[in-house]
1. What residues qualify as long-range amide H neighbours of GLU211, i.e. H under 5 Å apart, gap of 5 or more or another chain, H built at 1.01 Å from N?
2. Pairs to check: LYS31/LYS206; LYS132/LYS180; LYS31/LYS121; LYS31/LYS84. Give those whose C-alpha atoms are more than 23 Å from each other in this structure.
3. Among 153-162, 73-82, how do they line up by average Cβ neighbours within 10 Å per residue, starting with the highest?
4. Order of ILE187, ILE115 from fewest to most other C-beta atoms within 10 Å?
5. At what distance in nm do the modelled label points of ILE154 and GLU110 sit from each other, each positioned 7 Å from its Cα along Cα→Cβ?
Amino acid sequence: MISDVTTWNPNILYELGLRHASRKGGTILLKNSDTTLPFDLNICPTLTYRLTYTGKATDIGSSEFKLDGDAAESLRPKLVEAIKAELGGESTLSPLHVCFPELHVDLPREPCVFIGHGRSKLWARVQLFLEKELGLTTTNYESESRVGESFVPILEKMLNQATFAVLILTGEDETQGAQKRARQNVIHEAGLFQGVLGFNRAVVLKQDNLEDFSNIAGLQFISFDGENIEKTFWELQKVLKREKLIA
């Protein structure tokens with residue numbers, strides 16, 4: 001899989017999550033040299049290039065940003081070598097399988113819900129509902145101190161703990177067209193946990209009026225408006241019953 005993450009396209013990030021969960025190897029990331037990666041992907045080796053600005057647009061995804069001939073020729077041999085290495089099985093570019101080549105996630109007996117979220121504090125309401133009203137154990141990045149820890153062992157621990165995942169997509173970033181967009185790391189986690197746990201056990205709670213992306217359009221998600229995330233609780237509880245996490 002070759003993924004260009006220059007524009008932070010949510011479809012690409014979601015597909016990367018699924019790809020990283022599925023098996024090791026076979027992933028090459030490309031990006032413009034000025035693009036920063038979501039922290040979930042910082043471990044991934046990446047090939048960079050520089051786009052040439054040819055007009056007045058400010059959206060790096062527009063046609064006025066181009067890969068000129070010299071930049072393309074510089075990138076070509078690097079990409080060829082990366083593809084050869086992947087096809088030859090010489091490297092592994094999944095954040096999971098780089099550090100844990102023998103990783104196998106076994107679902108524990110005790111139900112545990114991973115909560116993936118951005119900066120919005122709405123996740124705390126979901127946590128209270130799951131823990132206080134439904135009696136479930138939850139895990140998330142804030143569940144304990146992470147000072148001094150790197151991302152990969154934290155992710156491994158949560159993947160081994162979780163038997164279910166709730167991914168909360170809230171509008172915190174903004175596209176060049178002034179449309180709200182969910183945090184890129186949460187979109188990647190949606191693909192990752194759906195790849196590991198299965199689509200039925202990784203539920204997306206999606207705030208209204210977010211930028212749409214086609215990969216999630218074909219999946220089931222629970223929507224809510226504004227900060228009224230409590231509107232999702234009844235449907236979420238039905239899913240948890242269906243998956244036998246609660247009686």
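Where a number appears in this text, it was derived from the coordinates with a stated rule and is not lab data. Predicted model, so just to flag it, every value in this text is computed and none were measured. Backbone-built Cβ (ideal geometry, glycine too); neighbour counts: all protein chains shown.
1. Excluding prolines and chain starts, which carry no amide H, the hits are LYS180, ARG181, ALA182.
2. Working: LYS31/LYS206 27 Å; LYS132/LYS180 31 Å; LYS31/LYS121 31 Å; LYS31/LYS84 19 Å.
Where the Cα-Cα span goes over 23 Å, the pairs concerned are LYS31/LYS206; LYS132/LYS180; LYS31/LYS121.
3. Values: 153-162: 17.6, 73-82: 12.7.
By packing density, highest mean first, the sequence is 153-162, 73-82.
4. Ordered by Cβ neighbours within 10 Å, fewest first: ILE115, ILE187.
5. Reported label-point gap for ILE154 and GLU110 is 2.2 nm.
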